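Report on one structure; see the data block that follows.
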Amino acid sequence: MYDIAVIGAGPAGASAALFAAKAGKKTLLIDNDKGMTRRGWYENYYGISEIGGPDLVETGHKQAVKFGAELIAGQAISINKSGDGFAIETDSGAAYEAKHVILATGVLTDLAVQAGVETKDGTEPRIKTVVAVDASGKTNIESIWAAGTVAGVSVHAVITAGDGAKVAINVISELNGARYVDHDVLKA
């Protein structure tokens, strides 16, 4: 069983998976390769002078995998309570179990609705529906969280990436029973 399964691997999802895996949590990252980030060009992303969406997404995947996240290509089609966690089924028929799930599905809320997660009207232009979350990213279902655009955060990639990191830190903190902080220092 995974500690954390992240569904969606754009900036919010890859960032969440990177932090989770780097914290030593057994992490699954599921990517359907349909995110809107792949269609963008970014000159306003902190730390990067300019980058195309496909390269930004691939870099995020590589970073998460570098720290131990398992990256699966596929579409998650269902999330159901199972024992002390959740069973996640993909369109290929594969099934995975995780204690916590982070939804980072961009503009798509159908999986959240299938799982019984509450939604609400979106406030961003062209974003009709989002997942209802509290300030930490928790949904109405214990141990299902949401990050990024699907959680009502601005569609800007750099903002969704930060939200994914925030939600992952909150999940890690809950798993650890103490506030988790991740700071690296320069290597000599």
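The values are calculated or read from the model by the stated rules, or taken from the named source; none is laboratory data. No experiment lies behind these values; they were computed from the predicted model shown. Methodologically, a virtual Cβ is constructed for each residue, glycine included, from the backbone with ideal geometry; neighbour enumeration extends over all protein chains shown.
The table below gives the values:
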{"item": "Matching residues in region 119-161 - criterion: being assigned to a helix (DSSP H, G or I), surrounded by fewer than 19 Cβ atoms within 10 Å (Cβ to Cβ) and either free of Cβ contacts under 8 Å to residues at least 40 places away in the same chain or small (G, A, S) (or both)", "result": "I159"}
{"item": "A146, sole failed condition from (1) more than 14 Å from the chain's Cα centre (by Cα); (2) at pLDDT 95 or above; (3) under 26 Å from A73 (Cβ atoms); (4) among the hydrophobic types (A, V, I, L, M, F, W, C)", "result": "(1)"}
{"item": "Sole exception among (1) in a loop (DSSP other than H, G, I, E, B); (2) surrounded by 15 or more Cβ atoms within 10 Å (Cβ to Cβ); (3) modelled with pLDDT of 95 or more for L108, by number", "result": "(3)"}
{"item": "Region 88-105: number of residues that are free of Cβ contacts under 8 Å to residues at least 40 places away in the same chain and surrounded by 15 or more Cβ atoms within 10 Å (Cβ to Cβ)", "result": "1"}
{"item": "Flag for A17 being in contact with a Ser or Thr (Cβ under 7 Å, 6 or more places away or on another chain) and either in a helix (DSSP H, G or I) or closer than 23 Å to E118 by Cβ (or both)", "result": "yes"}
{"item": "Answer residue from region 19-52, given it is of a type in the set (S, T, N, Q) and crowded, with 16+ Cβ neighbours inside 10 Å and is nearest to D91 (Cα to Cα) among those", "result": "N32"}
{"item": "Any strands (runs of 3 or more DSSP E) falling wholly within region 27-86 and containing at least 1 residues that are free of Cβ contacts under 8 Å to residues at least 60 places away in the same chain and within 15 Å of the chain's Cα centre (by Cα)", "result": "27-31, 70-73"}
{"item": "Hits in region 75-87 - residues which are closer than 18 Å to T37 by Cβ and surrounded by fewer than 18 Cβ atoms within 10 Å (Cβ to Cβ)", "result": "Q75"}
{"item": "Qualifying position, being among the acidic types (D, E) and at pLDDT 95 or above, among D31, D84, D55", "result": "D31"}
{"item": "Residues that are buried (at least 24 other Cβ atoms within 10 Å of the Cβ) and not small (G, A, S), drawn from region 1-18", "result": "I4, V6, I7, P11, L18"}
